[in-house]
Amino acid sequence: MKIFKTLKSFQNFRKTLDLHTIGFVPTMGALHKGHLSLIKKSKAKCTFSIVSIFVNPAQFSPSEDFKKYPRLLNMDIKELKKINIDALFLPNKDIMFPKTFSFNIRGNEITKCYEGKARPYFFDGVTTIITKLFNIIQPTHAFFGCKDIQQLIIIEKLVEDLNYNIKILSGKTIRNKLGVALSSRNQYLSDAQLIEASKIYQSLKDVKKIIDSGSVDIQYLKNYLTKRLKKIKSSKVEYVSIAKQSNLKEIPDVIQKPAILSVAVWIKNTRLIDNIIIK
Ligand code: AMP
């Protein structure tokens, strides 16, 4: 596995890859099976696969966990070598955001709802860093997880609107055996809290069952889901949404499919998001 820490070294190397299909998996590290499933997809689809690890300061607000976000670089490198990834791009903050940095990529309303509403800095940071990484890596394919469904839909829109010739492919949410969506932030949870966290996906699945059995009233479904989530120990429900998959607009009265049922829930000091797609 080649590791690139500077722009110049990566760009020189990139010139030698023109005959390849290049799969790209951007990450913030602390790699788990969710990341690895995307990397495996890239390896299966493309002749050359590149992973980036960069904990992007631009997507954290001052009150968020940038400083304590898990950084496990040695373990990550070991994992990536084990699955034989071709290259790792490992820039630092001075490379990605030098003091003279002046531009941001901003989205429209698709970046202002749900996660964007709760975390006002978040998607400008994500779209800016992904734009920069796409320009540097110049992949033919890029892989994103359904776990962060709003991010996936925003990146698809970014690629369309900014005319990137990159195919965006998604990977399903990988969960632990209790059903908790794997996340680097799960490390903040105790075993007892992980059991509580598993009730988030259980509640989403139960609402899906209710919809599948013919229930259509959005307000009823949202109230039911909110009540279930509120019963989770030490939980605070940040949002419950049932939105159209195509544009993430909230569905007003009766369910329309395909829909995305998504939630953000705090368990004590840890913020968890999850979703389920209703086809
Ligand atoms: P992150 O390191 O959190 O920025 O995530 C990097 C990529 O991994 C994003 O495309 C995420 O959606 C994806 N990802 C994170 N957790 C999971 C998971 N549990 N299952 C599948 N993909 C995931």
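The values are calculated or read from the model by the stated rules, or taken from the named source; none is laboratory data. For clarity, every value in this text was computed on a predicted model and none was experimentally measured. Here the Cβ is made from the backbone with ideal geometry for all residues, glycine too, and neighbour counts use every protein chain on show. Only protein heavy atoms, including side chains, enter the accessible area calculation; ligands, DNA and RNA are left aside. Shrake-Rupley method; radii C 1.70, N 1.55, O 1.52, S 1.80 Å.
Brief remarks on what is shown
- Pairwise alpha-carbon distances in the stretch 135-279 exceed 21 Å for 47% of all pairs.
- From the largest down, the stretch 72-132 spans 41, 30, 19 angstrom on the principal axes of its Cα atoms.
- The chain - convex hull of the alpha-carbon atoms, volume per residue in Å³: 133 Å³
- Computed log10 I(q)/I(0) for the stretch 189-236 at 0.23 Å⁻¹: -0.79, from the Debye equation with unit scatterers placed on every C-alpha and solvent omitted.
- For the stretch 68-85, backbone phi angles converted through the Karplus equation (6.51, -1.76, 1.60; θ = phi - 60°) give residue-by-residue couplings of 9, 4, x, 10, 10, 4, 4, 5, 4, 4, 4, 4, 5, 5, 4, 8, 6, 6 Hz, Gly and Pro being listed as x.
- √(5λ) per eigenvalue of the Cα gyration tensor, the stretch 3-77, largest first, Å: 26, 16, 11
- The amide H of THR21, built 1.01 Å from its N in the peptide plane, has THR47, PHE48 as neighbours under 5 Å, considering only residues 5 or more places off or on other chains.
- Accessible area per residue in Å² at 1.4 Å probe, computed on the chain: 51 Å²
- In terms of its C-alpha gyration tensor, the stretch 100-162 comes out oblate, because a/c is 1.5 or above while a/b does not outweigh b/c.
- HN-Hα J in Hz across the stretch 21-34 - Karplus 6.51, -1.76, 1.60, θ = phi - 60°, x for Gly and Pro: 8, 10, x, 10, 10, x, 9, 10, x, 6, 5, 9, 5, x
- A DSSP coil position with no more than 10 other Cβ atoms inside 10 Å describes the following trypsin sites (Lys or Arg not before Pro) in the stretch 121-221: LYS177.
- Summarising the amide proton neighbourhood of TYR239: residues at separation of 5 or more, or on other chains, whose placed amide H is nearer than 5 Å comprise ALA264.
- Surface composition of the chain: carbon plus sulfur atoms hold 53% of the accessible area, using a 1.4 angstrom probe and ignoring ligands, DNA and RNA.
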